[in-house]
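Peer 1: Would you mind keeping the following structure in view while I ask a few things?
Every read-out reported here was derived from the displayed coordinates using simple, explicitly stated rules and does not represent laboratory data. Bear in mind the structure is a predicted one, so any value in this text is a computation, not a measurement. Here the Cβ is made from the backbone with ideal geometry for all residues, glycine too, and neighbour counts use every protein chain on show.
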Amino acid sequence: MSVENLIEKLAQEVEGEKGSEENILIFTLSTCMWCKKCKRFLDDRNLKYKYIDVDKIEREDKAKILEHLRSKYSSRISYPFLICEKGHVIGYNPNQYEELLGK
């Protein structure tokens, strides 16, 4: 299974009325305060997004996803890790989210 298919299989979708063209995907930790703030930021703007709580998936799947993120985006992994059509943001940064998502 490709990493893209794995991500598609594991991602949970949150319905929103906006942002579907952005294909927003966030990698989070279920217990992380900053990850919860990121989700709240998106929810407050009624944005559609998908997320994966990486602390709740199988170790092998997590390793594949982390390798994919490191090779495609950044050697530095921190959560939340937001990806969309226009780029990515590592860590909680509402100003960068606003800039990237234009909302």
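Peer 1: Just the isolated ones, please: cysteines in the chain lacking another cysteine beta carbon under 4.7 angstrom.
Peer 2: Here Cys38, Cys84 come out as lacking a disulfide-compatible partner, given the Cβ-Cβ threshold of under 4.7 Å.
Peer 1: Taking 8 Å as the Cα distance limit and 6 or more residues as the minimum spacing, I'd like the relative contact order of the chain as a percentage.
Peer 2: Dividing the mean separation by the residue count of the chain yields 32 percent.
Peer 1: Find the centroid of the Cα atoms in segment 1-53 and in segment 78-101, then give the distance between the two in whole Å.
Peer 2: One Cα centre to the other: 11 Å.
Peer 1: Given 0.36 nm per residue, what is the gain on full extension from Asn46 to His88 after removing their alpha carbon distance, in nm?
Peer 2: 13.2 nm
Peer 1: Stokes-Einstein diffusion coefficient for the chain at 25 °C in a medium of 0.890 mPa s, Rh from the Kirkwood formula over Cα pairs: what value in µm²/s?
Peer 2: For these conditions, the coefficient is 180 µm²/s.
Peer 1: In addition: Please identify every one of the GluC sites (Glu not before Pro) in segment 53-103 that sits in a loop by DSSP and has no more than 11 other beta carbons within 10 Å of its own beta carbon.
Peer 2: Glu58, Glu85
Peer 1: For a quick check, take a GNM of the chain with Cα springs below 10 Å and name the residue from Asp53, Asp44, Asp61 with the largest mean-square fluctuation.
Peer 2: Asp44
Peer 1: Kindly write out, for segment 20-28 in residue order, the coupling ³J(HN,Hα) from the Karplus curve 6.51 cos²θ - 1.76 cosθ + 1.60 (θ = phi - 60°), rounded to whole Hz, with x marking Gly and Pro.
Peer 2: Result, rounded to whole Hz: 5, 6, 7, 6, 6, 9, 10, 9, 9.
Peer 1: As an exercise, identify the trypsin sites (Lys or Arg not before Pro) in segment 23-53 lying in DSSP coil whose Cβ has no more than 14 other Cβ atoms within 10 Å.
Peer 2: Sites meeting the loop and neighbour criteria: none at all.
Peer 1: Next question, about the same structure. Once the convex hull of the alpha carbons of segment 53-94 is built, what does its volume come to per residue, in cubic angstrom?
Peer 2: That works out to 77 Å³ per residue.
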